[in-house]
Amino acid sequence: MSSLFATAPAHAQSAKATGDVDLSARLQAAQSDPKLNESLFKTGRKVAAFCANCHGEGGNSPKADTPNLAGQNPAYLLEQLRQFADGRRRNEFMEGMIKAMTADEKVGMVLFYAAQPVTPKPPTKPALVARGKEYYGKTCFRCHGEDGRGGEKFARVAGQQPEYLTVTLKRYRVGQGVRTDPLMAANTKLMTDADIDAVVAYVTSMP
C-alpha cells in the first residue's frame with residue numbers, strides 16, 4: 001500500500017507497516033514496547049501535521065464542526081479509522097486519506113493524538129452547564145465516564161467541539177444515516193433540543 005505520508009525509512013524496512021495488519025495487536029504491541037511506541041509516535045506526529053489542516057495543531061480543532069482528536073482514546077480512535085475505511089462512517093475525504101495510510105501511520109497517529117492535551121471551552125452559560133451536568137450524571141456517564149473521558153469502546157467527549165457534538169447527538173437521535181449506533185439511539189431518542197444543548201455545554205467545558 002502506498003502512503004500519503006511516507007517520509008520515515010522504517011516504512012520501507014518493516015513489512016508490518018503495510019499490508020494486512022491487525023491494527024489492535026499493533027497498538028497493543030506499541031503500548032507494551034517503549035521503543036516501538038516511540039518510533040510509531042514519531043510517525044504519527046508526521047501524519048498529524050497533515051491532519052492539522054482540519055483537526056488543528058495537536059488535535060484541538062479550530063472549527064466548531066470538526067472534532068478534536070486530542071486526548072481521544074487510542075483504541076476508540078483506531079476503530080473510527082476502520083469504520084471510515086470500510087464505509088461504516090462516510091466522509092469522502094477521510095475515506096480516501098485513511099485508505100492511503102499504512103498500518104503504522106494509523107497506529108502512530110492514534111498514539112500521538114491520545115497523548116495531546118485537550119483545550120476545553122470555558123463555560124459561558126453556568127445555568128445551562130449545570131442542567132447539562134445533571135442530565136449527564138443520570139445517563140451519559142455510564143459509557144463516557146464521570147470525567148467524560150470514555151474508554152476503549154466509548155469516545156472521550158470531554159472538551160469536544162460543541163457544534164460537532166450537537167450534530168452527532170441529533171443524528172444518533174434520528175437513528176438514520178451511515179453512522180448509527182443502537183445504544184446511542186436508545187439514549188438520545190427522548191432528548192429534546194434543549195437537553196442536547198445543555199449536555200453539549202457541560203461536556204465541552206470538561207477538562
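The values are calculated or read from the model by the stated rules, or taken from the named source; none is laboratory data. Only a predicted model underlies this, so the values are computations on that prediction, with no experimental measurement involved. Glycine gets a Cβ as well: all are built from the backbone with ideal geometry, and neighbour counts include every protein chain shown. Each accessible area value is taken on the protein alone, full model and side chains, heavy atoms only, with ligands, DNA and RNA left out. Shrake-Rupley method; radii C 1.70, N 1.55, O 1.52, S 1.80 Å.
Here the chain is treated as an ellipsoid with the same Cα gyration tensor; its semi-axes, largest first and in whole Å, are 32, 17, 15. Here the accessible area of the stretch 70-180 is 54 percent carbon and sulfur, with a 1.4 angstrom probe and all protein chains present.
Rounded to the nearest 10 degrees, the inclination of helix 162-174 to the longest alpha-carbon principal axis of the chain is 80 degrees. Take the Cβ atoms of Gln28 and Gln176, set R0 to 30 Å, and the FRET efficiency comes out at 0.30.
Spin-label model, Lys42 to Thr139: label points 7 Å out along the Cα-to-beta-carbon direction sit 4.7 nm apart. Hey, which lysines would be in cross-link range of Lys121, C-alpha to C-alpha under 16 Å, not counting anything within fewer than 8 residues on its own chain? Lys121 reaches Lys63, Lys133. The stretch 55-97 and the stretch 127-190 have Cα centres separated by 17 Å.
Remark: accessible surface ordering of Cys140, Cys54 (largest first) is Cys54, Cys140, probe radius 1.4 Å.
Heavy-atom accessible surface of the chain, averaged per residue, reaches 53 Å², computed with a 1.4 Å probe. Here's the picture: a label point sits 7 Å out from the Cα of Ala100 along the beta-carbon direction, and within the stretch 36-58 the residues with their amide nitrogen under 20 Å of it are 43-57.
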